[in-house]
Amino acid sequence: MNNQKNASIIYFDDKVDLSKIKHVVFDMDGTIYKGKILFPYTKSTFDALESMGIGYTYLTNNSSTSAKDYLQKITKLGLKGKDDNIFTSSLATLYYLRQHYPDVKSIYVLGTESLRQEFTEFGYKMITEYDEEEPEMIIVAFDTTLTYDRLCKGTYWVQQGKPFIATHPDTVCPTDKQTVLVDCGAVCALIKDVTEREPEAIPGKPSPEMLQGIMARYNLQKDEIAMVGDRLYTDLEMARRAGIVGVLVLTGEATLETLAESGMQPELVLDNISTLAQLLKESRQ
């Protein structure tokens, strides 16, 4: 790694032209806040981006909450935001469905009420475990309200050969509580064990489908968007697969030690997101 004079910059690939960046995608927990605590430099960072005319998106794999509910969380933390500032793995899944399964109308969802409502608002008919009607497709998400009956019925439809898509691959959702939050990937593993079928697609991180939805939303080219996050094998791996600038910040999960062990080399490694705002400003001078 090439260390720079500025202590906040751990690594900077000189081939990266930050002056082209028009939009920055931010992972949330570990990147702009920790748990329920906003980092002290987060607000000023977003103010700086707005002053430069740079757009931004808050990104999360957590599909237990709709984009509207996430927006409420963001604003309660004191950050600005509109509906199109939020992008989740459920929205990436909806984008994927529109691209690859435009004729599908009825779906069976292993997800929370918030998520099912989001799919309904996009025009999909919800099939429940009590309906006689067969769904055209099965969607598995992070379902914090999962019941045995719903799980069994969803598994049955997968076994019958219905198309099967998962919102994201995480097996565990991080928490500071004394419990394990079993996530979407673990439910998919259970279904695979029973049916011998894996999801046909997983649009959430680290799939580049997640970013392609945002790029389509804002008509962005690859050199005009950057991904910022604290996790190597989701945030930064997604940036690598999508062929865009990847920015690792050391305010969450990843450390310099885990970075070295991974063999990955993001285009930028920074102490925190405020340094990125400084670099973007300098690139425009």
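The values are calculated or read from the model by the stated rules, or taken from the named source; none is laboratory data. This structure is a prediction, so every number in the text was calculated from the model and none was measured. Positions of Cβ are generated from backbone atoms using ideal geometry, with glycine treated the same way; all protein chains shown enter the neighbour counts. Accessible surface areas use protein heavy atoms only, side chains included; no ligands, DNA or RNA. Shrake-Rupley method; radii C 1.70, N 1.55, O 1.52, S 1.80 Å.
A few remarks follow.
- Of residues in segment 74-94 being over 18 Å from residue 164 (Cβ atoms) and in a helix (DSSP H, G or I), the one least open to solvent (accessible area, probe 1.4 Å): 74
- In the condition set (1) within 24 Å of residue 34 (Cα to Cα); (2) in a loop (DSSP other than H, G, I, E, B); (3) modelled with pLDDT of 95 or more, residue 220 is compliant with all but (1).
- Residue identified as free of Cβ contacts under 8 Å to residues at least 40 places away in the same chain, touching a helix residue (DSSP H, G or I) at 6+ places or on another chain (Cβ under 8 Å) and aliphatic (A, V, I, L, M) among 268, 259: 259
- Looking only at residues in segment 234-254 that are at pLDDT below 95 and either of a type in the set (Val, Ile, Thr) or part of a helix (DSSP H, G or I) (or both), the one that is surrounded by the most Cβ atoms within 10 Å (Cβ to Cβ) is 234.
- Where a residue in segment 214-243 is charged (D, E, K, R) and its partner, wherever it lies, is open to solvent by 60 Å² or more (accessible area, probe 1.4 Å), with Cβ under 6 Å and at least six apart: 223/20; 224/20; 224/22; 230/253; 231/253
- All conditions but one from (1) out of contact with any strand residue (DSSP E or B) (no Cβ under 8 Å at 6 or more places or on another chain); (2) at pLDDT 95 or above; (3) in a loop (DSSP other than H, G, I, E, B) apply to residue 132; the one that does not is (2).
Per-residue answers, yes or no, for (1) of a type outside the set (A, V, I, L, M); (2) farther than 30 Å from residue 153 by Cβ:
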| residue | (1), (2) |
| --- | --- |
| 20 | yes, yes |
| 31 | yes, yes |
| 70 | yes, no |
| 97 | no, no |
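- If the condition is being in contact with a strand residue (DSSP E or B) (Cβ under 8 Å, 6 or more places away or on another chain) and open to solvent by less than 60 Å² (accessible area, probe 1.4 Å), then segment 182-195 contributes 183, 184, 185, 186, 187, 188, 191.
- Segment 255-285, subset open to solvent by 30 Å² or more (accessible area, probe 1.4 Å) and of a type in the set (A, V, I, L, M), residue farthest from residue 53 (Cα to Cα): 260
- Per the listing 153, 162, 177, 222, the residue uniquely within 26 Å of residue 277 (Cα to Cα), of a type in the set (Lys, Arg) and open to solvent by 10 Å² or more (accessible area, probe 1.4 Å) is 222.
- Test set (1) over 30 Å from residue 157 (Cα atoms); (2) surrounded by fewer than 22 Cβ atoms within 10 Å (Cβ to Cβ); (3) modelled with pLDDT of 95 or more - residue 201 fails condition number: (1)
- Top-ranked residue of segment 145-174 - restricted to ones that are assigned to a loop (DSSP other than H, G, I, E, B), within 17 Å of the chain's Cα centre (by Cα) and of a type in the set (Val, Ile, Thr), ranked as modelled with the lowest pLDDT: 171
- Some residue of segment 101-110 being under 20 Å from the mean Cα position of the chain (by Cα) and surrounded by 14 or more Cβ atoms within 10 Å (Cβ to Cβ): yes
- Entry remark, segment 50-69: residues being without any contact (Cβ under 8 Å) to a residue 40 or more places away in the chain and either out of contact with any Phe, Trp or Tyr (no Cβ under 7 Å at 6 or more places or on another chain) or outside any strand (DSSP E or B) (or both) number 3 in total.
- Residue 72 vs. criteria of a type outside the set (Asp, Glu) and in contact with a Ser or Thr (Cβ under 7 Å, 6 or more places away or on another chain): no
- Within segment 125-172, the residues that satisfy the criterion of being under 16 Å from residue 113 (Cα atoms), touching a residue at least 40 places away in the same chain (Cβ under 8 Å) and touching a helix residue (DSSP H, G or I) at 6+ places or on another chain (Cβ under 9 Å) are 139, 140, 141, 142, 143, 146, 151, 154, 167.
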